[in-house]
Amino acid sequence: MLTKEAREELEHQHYKIVGSHSAVKTCGWTKNMIRGQGGCYKLKFYGIMSNQCMQMTTSISCANRCVFCWRGYKAPVSKDWAWDIDNPEDILAGSLKAQQKLLVGFKGSEKASKKLYKDSETVKHVALSLTGEPITYPRMNELLKLFNQQGISTFLVTNAQYPEAIRDLAPVTQLYLSLDAPNKELLKSIDKPLFADYWERLLSSLDYAAEKTERTCVRLTMIKGLNDHSPEQYAELIKRGDFDFIEVKSYMHVGESRQHLDKKNMPMHEEVVTFCNILVKYLEDYEIVSEHIPSRVVMFAKKKFYVQGKWMTWIDFPRWNELVQNKKEIRVEEYWKATPVIGISGKGTLDYHSEDLRKKQVNAQNYSAAENIEEIDLDKDEKEENEQEKMNENADECYEEIGIEEIEIKES
Ligand code: SF4
């Protein structure tokens with residue numbers, strides 16, 4: 001799948017290539033949490049432990065060339081799978097090894113919280129997103145089964161260009177569909193899809209998403225001046241997919257997207273909130289439940305998640321692991337959990353929930369999402385890269401020290 005150049009460029013960007021078509025890369029929020037500075041917005045909204053989350057893909061190839069993609073066009077773009085197919089067992093083992101190697105640099109680092117680093121050695125969540133289109137991996141359901149057996153929850157993101165893959169997908173903890181534009185014309189110019197019937201594929205994907213009984217979420221990436229309009233059209237598409245959650249997130253002016261978009265195209269958090277307060281008027285079954293200012297994202301949930309005066313947006317992961325091993329069909333209410341105070345905001349929660357209570361909760365759980373509200377540091381990329389560079393340098397020493405041998409990936 002990868003040319004030598006593409007592989008080298010990805011490795012230079014601290015991707016760990018696993019086999020011939022998969023990759024792992026440490027998420028900035030995983031590191032943030034290991035440093036004791038708080039986790040990502042999915043910790044806040046759904047209870048994901050960012051320090052125990054592995055960000056990966058099973059297909060570096062994609063059928064879209066989205067203008068806002070920070071990954072750029074490093075990897076092949078293709079409509080069909082035309083490559084060798086690696087064994088799911090090897091992908092799982094290789095990815096867990098890669099994650100360990102990427103984080104081992106924190107071992108003994110003053111910057112790291114000992115407990116949060118220790119915990120990170122046990123992966124509890126996989127985010128099948130990173131780059132490309134993971135859902136196209138032909139043996140995805142077998143790999144999902146292996147993740148389930150390991151008690152690893154599964155968040156999978158798809159750009160809704162492979163409807164049959166969504167239809168045939170085994171249960172995942174939370175399925176994400178990207179919805180990058182409110183209409184056909186704009187979707188073409190923003191996602192630059194390879195498929196001529198890209199719009200019909202999106203509509204069919206929405207229909208299959210609506211049939212899912214596990215949690216589903218639609219993510220809108222707001223690009224200021226480009227797709228931050230026509231809330232009524234977005235609402236029609238969202239209703240068609242009958243999603244449990246909606247995330248409206250600001251485009252981030254980082255990585256290769258800077259070749260195609262300007263910093264002005266990155267909305268401020270307040271502008272995302274303003275758009276959401278208009279959008280919610282067209283979505284009578286939903287409410288705005290939370291926001292995460294550092295990530296410039298707002299979360300809506302179906303009103304059915306508000307039960308006896310409590311929001312139930314968090315995930316009961318042990319219950320999910322139990323259910324997915326024993327049941328074919330799983331319902332959202334079977335593995336939901338009450339959202340703690342640290343998970344709710346956007347409604348002045350800080351005012352009516354005593355700050356002490358929040359602090360108590362944070363201390364009690366020794367974790368929360370990073371809630372600083374400074375603007376995202378766009379040069380974070382560069383700093384992150386340099387830091388990863390340093391971590392990789394001493395990773396080898398640590399590696400020898402804890403003696404982990406490489407593994408060989410066999411093609412099936
Ligand atoms: S859920 Fe996503 S943002 Fe959060 S730690 Fe995992 S990869 Fe990062």
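The values are calculated or read from the model by the stated rules, or taken from the named source; none is laboratory data. Everything numeric here is computed off the predicted structure, so don't read it as measured data. Heavy atoms of the whole protein, side chains included, go into the accessibility calculation; ligands, DNA and RNA do not. Shrake-Rupley method; radii C 1.70, N 1.55, O 1.52, S 1.80 Å.
Can you pick out the pairs among Lys4/Lys188; Lys192/Lys328; Lys44/Lys115; Lys192/Lys239; Lys25/Lys79; Lys224/Lys281 whose Cα atoms lie more than 27 Å from each other?
Lys4/Lys188; Lys192/Lys328
Probe 1.4 Å, all protein chains in place: accessible area of Cys276 in Å², nearest 10?
Counting only protein heavy atoms, Cys276 exposes about 0 Å² to solvent.
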